[in-house]
Amino acid sequence: WKLCEKNLAGNIPESFINIVNQSKKHVAAIRLELGKAPKTLTHGDFRLDNMFFKDGTTKKGMEIIVIDWQFATIGRGVSDVAWFMMYCMNPAKRRMTEMELLKEYHETLLENGVEEYTFKKCVLDYRLSMLQLVQRIIPAGAHLDFTSERGSSVISLVFERTTAALMDLEVTNLLPLKI
């Protein structure tokens, strides 16, 4: 974290720094909670650059093909939803569609045989996944070069979207974990 702060000095929003400082003692507890059942294969980098779409091949009219599985792991499926919503959607669009998309995701799980996983638990896991995803930004900020015009633009966008999602979902209210 210290190296990330040094490398990105002046680019990290104060609210993001506060969230990191409040959550850093709880990383292990967050990971332990998200490591419990239900678990599935997760992609780990679920974004449009890693997706291809084909019309008319499913009952809902579209097939998705996901590539680039180098970050795949076992975990909560909703973590991929959190990744997409936090990093890939502008805050206004995410706010407008977030709960509706989570409901559709949850209903799809139930339709496909997932049992004893309430929508309330799904939302909690989603919020915890957002909090865990903070830990993905820190090594990137510590070790990658964001000094180019494009790099600076990317990291600004990441912090804007991430901070907005974390604040909107009041993730620090989950700490310390009482699950």
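The values are calculated or read from the model by the stated rules, or taken from the named source; none is laboratory data. Only a predicted model underlies this, so the values are computations on that prediction, with no experimental measurement involved. Positions of Cβ are backbone-derived with ideal geometry, glycine not excepted, and every protein chain shown enters the neighbour counts. Accessible surface areas use protein heavy atoms only, side chains included; no ligands, DNA or RNA. Shrake-Rupley method; radii C 1.70, N 1.55, O 1.52, S 1.80 Å.
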Search result, residues across region 128-172 that are farther than 16 Å from Ser15 by Cβ, within 12 Å of the chain's Cα centre (by Cα) and in contact (Cβ under 8 Å) with a residue 60 or more places away in the chain: Leu128, Ser129, Gln132, Gln135
Which listed residue is open to solvent by less than 60 Å² (accessible area, probe 1.4 Å) and either more than 17 Å from the chain's Cα centre (by Cα) or within 24 Å of Ala164 (Cβ to Cβ) (or both), from Asp45, Asp55, Asp49: Asp45
Are there any pairs with C-beta distances below 7 angstrom linking a residue in region 37-54 that is under 12 Å from Ile65 (Cα atoms) and aliphatic (A, V, I, L, M) to a residue that is open to solvent by 50 Å² or more (accessible area, probe 1.4 Å) and assigned to a loop (DSSP other than H, G, I, E, B), with the two at least 6 apart or on different chains, and if so which? none
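With the structure loaded, tell me whether Lys120 is open to solvent by 60 Å² or more (accessible area, probe 1.4 Å) and over 27 Å from Leu8 (Cβ atoms) or whether it fails that test.
yes
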Search region 1-20 for residues that are in a loop (DSSP other than H, G, I, E, B) and pair each with any residue that is of a type in the set (Ser, Thr, Tyr) and surrounded by 12 or more Cβ atoms within 10 Å (Cβ to Cβ) when their beta-carbon atoms are under 8 Å apart and the residues are at least 6 apart or on different chains. Asn11/Ser152; Asn11/Ser156; Pro13/Thr163
Which of the residues that make up region 1-37 are aromatic (Phe, Trp, Tyr) and surrounded by 16 or more Cβ atoms within 10 Å (Cβ to Cβ)? Phe16
Note: among Glu33, Glu98, Glu107, just one is modelled with pLDDT of 95 or more and touching an Asp or Glu at 6+ places or on another chain (Cβ under 9 Å), namely Glu98
If you go through region 145-179, how many residues are open to solvent by less than 100 Å² (accessible area, probe 1.4 Å), outside any helix (DSSP H, G or I) and either more than 30 Å from Glu33 (Cα to Cα) or polar (S, T, N, Q) (or both)? 2
Checked Thr97, Thr40 against criteria (of a type in the set (S, T, N, Q) and open to solvent by 30 Å² or more (accessible area, probe 1.4 Å)); the one match is Thr40
How many of the residues making up region 73-95 are over 19 Å from Arg127 (Cβ atoms), at pLDDT 95 or above and touching a Leu at 6+ places or on another chain (Cβ under 8 Å)? 0
Taking interchain pairs and intrachain pairs at least six residues apart, which have beta carbon atoms under 8 angstrom, with the first residue in region 89-109 and without any contact (Cβ under 8 Å) to a residue 24 or more places away in the chain and the second not in a helix (DSSP H, G or I)? Thr97/Met89; His106/Tyr117
Do you know which residues across region 84-93 are open to solvent by less than 30 Å² (accessible area, probe 1.4 Å) and part of a helix (DSSP H, G or I)? Met85, Met86, Pro91
